[in-house]
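Read through the structure below, which is laid out as C-alpha cells, and then see the notes.
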Amino acid sequence: VQLVESGGGLVQAGGSLRLSCAGSGRIYDSYVTAWFRQAPGKERELAAVINRVMGTTSYADSVKGRFTISRDNAKDTVYLQMNSLGPWETAVYYCAAGRTEFSDNPSSYHVWGQGTQVTVSS
C-alpha cells in the first residue's frame with residue numbers, strides 16, 4: 001500500500017489550495033483516510049478525516065468551515081480543499097490511512113505518504 005500526496009505549494013494568506021492523496025495497492029483495506037499537518041517544531045495534528053466507504057467526515061475545530069475533505073473511490077484518491085489559509089497553517093501536510101474511525105492519534109494510521117509542503121505567506 002502506498003500513498004502519494006500532491007498539490008502543495010506557496011500561497012498568499014487568504015488563498016486556497018487543493019491537496020490530493022492517491023492510493024495504490026490494497027488501500028481498500030484501510031478505509032479511513034486522514035490529513036495531518038506538522039509545522040516546524042510542533043507535533044503532528046489532525047486536520048480532517050474521511051471514511052471512504054460511508055463518505056462521513058470529521059474536522060479539527062481549527063479548520064471547520066474552511067477545509068473540505070472528499071474522495072473519489074474510482075481513482076482511490078482523497079482530496080483536501082483548503083480555503084482562507086493563514087500563515088500559521090504553513091506546514092508539511094501528510095495523508096494517512098487506517099481502520100480506526102476518526103482517530104486524531106497518528107499511531108492509529110499505519111500507512112503514510114511522504115508529505116507535501118504548504119507555505120502560506122503573509
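Where a number appears in this text, it was derived from the coordinates with a stated rule and is not lab data. Note that the structure is predicted; figures quoted are calculated from it, not measured. Here Cβ is always computed from backbone atoms with ideal geometry, including for glycine, and neighbour counts include all displayed protein chains.
Data for the structure
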item	result
Trypsin sites (Lys or Arg not before Pro) restricted to segment 1-84 and DSSP loop, no more than 12 other C-beta within 10 Å	R26, K42, K64
Translational diffusion coefficient (Stokes-Einstein; Kirkwood radius from C-alpha pairs) of the chain at 20 °C, 1.002 mPa s, in µm²/s	152
Per residue Cα convex hull volume in Å³ - calculated over segment 27-83	93
Placed amide H near T90: partners under 5 Å, 5+ positions off or other chain	V120
Positive dipole terminus of the chain, leading residue within T90, Q38, S16 (C-beta point charges)	S16
C-alpha center-to-center spacing [segment 5-21, segment 85-122] in angstrom	13
In Å, descending, principal axis extents of the Cα set of segment 6-47	37, 22, 13
Debye, to nearest 20: dipole size of the chain, +1 on Lys, Arg Cβ, -1 on Asp, Glu Cβ	160
